[in-house]
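These notes are about the structure you will find just below.
The values are calculated or read from the model by the stated rules, or taken from the named source; none is laboratory data. For clarity, every value in this text was computed on a predicted model and none was experimentally measured. In this analysis, Cβ positions are derived from the backbone assuming ideal geometry, glycine residues included, and neighbour counts consider all displayed protein chains. For accessibility, only protein heavy atoms count, side chains too; no ligands or nucleic acids. Shrake-Rupley method; radii C 1.70, N 1.55, O 1.52, S 1.80 Å.
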Amino acid sequence: MNILDPQGPIGAADKTILIDSLAIMLAIVLPTIVAIFAFAYWFRAPNAKAFHWLDWEYSGRIELVVWSIPALTVILLGGVAWIGSHQLDPAAPVEGTGSPIRIQVVSLDWKWLFIYPDQRIATVNTLTVPAGAPLHFELTSGSVMTAFFIPQFGSMIYTMNGMVTRLKLRADNEGTFQGLAAHFSGDGFPEMLFDVHVVSHAGFADWAASVSRNERVLNADNYNKLARQSVETTKPTFRLDDPGPFEAIVTQKVPPAPGPRPTSESAQSYIGPPNVW
């Protein structure tokens, strides 16, 4: 998950912003460190050449230096952040080769559900995409708020229950990469990771066709099992008979995940009857 080894245009732009910001800050930090040692050496007690400026703390020239350098640094950093944040708008289109791939992402406790509505398939904790294709993510949460992040692709974005956030990315090189949840969401948070497999366009088509022949179907019962608080290690895949699970989750036709079961009779249970899309 090396953010300094980007695998797409958004990740490369993020790397540029990071390096530019670091360079701007070092431009004031390094001279300040050098000045500290220089002052300490020059104004040491044995140095007879050192002299004392009377009322130096009221010097207009010193005030100008003291305030202008930090102000200039803040202006430069602000400019880099302002321009970069507009250029890297998560919903801004990203050019690529081939047809865009639409992926609907649902964060659960403590796992990731990826729905491919056009391919009529779904996966858990594994994301497969074709190299060079524009990736159109629609993201929500079936539980608490968390953050979706593939460090080498760029643009971390939050997932929130009852809301949809949008993210456009592109992966340029084939390989296997790592994604994660970047916002604490409970006991299983450290294990809330997912693999990202970037394959060729032909490889993606073959993979999608093979998953679509899966015997497991993502229906209400299977979703309710996934929504329970647990760490998923088997990375199951599903076919979709109905392409509407994501809309049902967002509009809360399927209630949010229940969380831990009540430990006392007085506690209210949020576990309702079986749901349908």
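If you go through the stretch 155-164 and keep only what is open to solvent by less than 30 Å² (accessible area, probe 1.4 Å) and within 16 Å of residue 108 (Cβ to Cβ), you end up with just 159. The condition of being closer than 22 Å to residue 18 by Cβ, of a type in the set (A, V, I, L, M, F, W, C) and outside any strand (DSSP E or B) holds for only one of 65, 74, that being 74.
Residues in the stretch 143-168 that are farther than 22 Å from residue 94 by Cβ, hydroxyl-bearing (Ser, Thr, Tyr) and part of a strand (DSSP E or B): 1 in all.
What residue, among those in the stretch 86-129 that are among the hydroxyl-bearing types (Ser, Thr, Tyr) and open to solvent by 30 Å² or more (accessible area, probe 1.4 Å), is farthest from residue 210 (Cα to Cα)? Restricting to residues being among the hydroxyl-bearing types (Ser, Thr, Tyr) and open to solvent by 30 Å² or more (accessible area, probe 1.4 Å), the top hit is 97.
Could you pull out the residue among 10, 36, 24, 19 that is at pLDDT 90 or above, open to solvent by less than 80 Å² (accessible area, probe 1.4 Å) and not acidic (Asp, Glu)? Talk me through it step by step, then tell me what you get.
On the way: 36 fails: open to solvent by less than 80 Å² (accessible area, probe 1.4 Å); 24 fails: at pLDDT 90 or above; 19 fails: open to solvent by less than 80 Å² (accessible area, probe 1.4 Å).
Going through 10, 36, 24, 19 in turn, just one is at pLDDT 90 or above, open to solvent by less than 80 Å² (accessible area, probe 1.4 Å) and not acidic (Asp, Glu): 10.
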